[in-house]
1. Do any GluC sites (Glu not before Pro) in segment 39-141 lie in a loop, going by DSSP, with at most 10 other beta-carbon atoms within 10 Å of their beta carbon, and if so which?
2. May I ask you to sort 55, 120 by Cβ crowding, counting other Cβ atoms within 10 Å and putting the fewest first?
3. Under a 5 Å amide H to amide H cut-off, with H placed in plane at 1.01 Å, what residues pair with residue 102 once short-range neighbours are removed?
4. Could you derive backbone 3J(HN,Hα) for segment 32-38 from the dihedral phi with the Karplus parameters 6.51, -1.76 and 1.60 (θ = phi - 60°), listing whole Hz in sequence and x where the residue is Gly or Pro?
5. If you take the square roots of the eigenvalues of the alpha-carbon gyration tensor of segment 73-143 and sort them as a ≥ b ≥ c, do you get rounded (a/c under 1.5), prolate (a/b over b/c) or oblate?
6. Rounded, prolate or oblate: which one fits segment 2-130, using the alpha carbon gyration tensor with axes a ≥ b ≥ c (rounded when a/c is under 1.5, else prolate when a/b beats b/c, else oblate)?
7. Out of residues 5 or more away from residue 28 or on other chains, whose amide H comes under 5 Å of its own, with H placed 1.01 Å from N in the peptide plane?
8. Considering amide H positions built from the backbone, and no H for Pro or chain starts, which residues 5 or more places from residue 111, or on another chain, come under 5 Å of its amide H?
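Throughout, read-outs are computed from the coordinates displayed, never taken from laboratory work. Owing to the predicted nature of the structure, the values given are computational and were not obtained by experimental measurement. Note that we place each Cβ from the backbone using ideal geometry, even for glycine, and neighbour counts take in every protein chain shown.
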Amino acid sequence: MKIAIGSDHAGFPLKQFLANFLTDHQHEIIDVGTDSADVAVDFSDFAEAVAQHVLGGSAERGIIVCGSGVGASIAANKIPGIYAALVHDTYSAHQGVEHDNMNVICFGSRVIGTALAQELVVAFLNATFESHEERHVRRHGKVKAIEQREMARHRTE
């Protein structure tokens, strides 16, 4: 699978760990940066870069890491078509894809360690949206409708 991955300086060590883990497991990584934990950078820039790869189709899924994961999730969800969530448990990592069509997962490097992050990534990547389940399709359709209404409202303002 092709995966876009990015982080700010706080998330850099965990991002590097995950990128290496995924490469070792035959995934293709698009690393949008950052390239160091030594220089402070803004999570929003890397969240947007990951999201654009997912939207553009060069990546099937995205992973964003910042200190808490909260900022990365907020920034990614500002982009229409991105369904990102901050995840720190295995159930949400797969259920977010299966029921909610999550396409970007966010982690807080100051919240979880490498072993849990690895487990969460595996659950996230092995899950698929349950498009055969009418309730999940209906609910996701409602989320997309909210997104479309808000985009239209902002175009007229």
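1. Values: sites: 48, 60, 98, 119, 130, 133, 134; in loops: 60, 130, 133.
Passing sites in segment 39-141 do not exist.
2. Values: 55 16, 120 22.
Taking fewest neighbouring Cβ atoms as first place, the list is 55, 120.
3. So residue 102 has HN proximity to 97.
4. 8, x, 7, 10, 6, 8, 8
5. Working: a/c = 2.94, a/b = 1.48, b/c = 1.99.
Note, shape of segment 73-143 comes out oblate.
6. Numbers: a/c = 1.34, a/b = 1.20, b/c = 1.12.
Verdict is rounded for segment 2-130.
7. Residues meeting the criterion, in which the H sits 1.01 Å from N, are 2, 3.
8. For residue 111, whose amide H was placed from the backbone, there are no distant partners under 5 Å.
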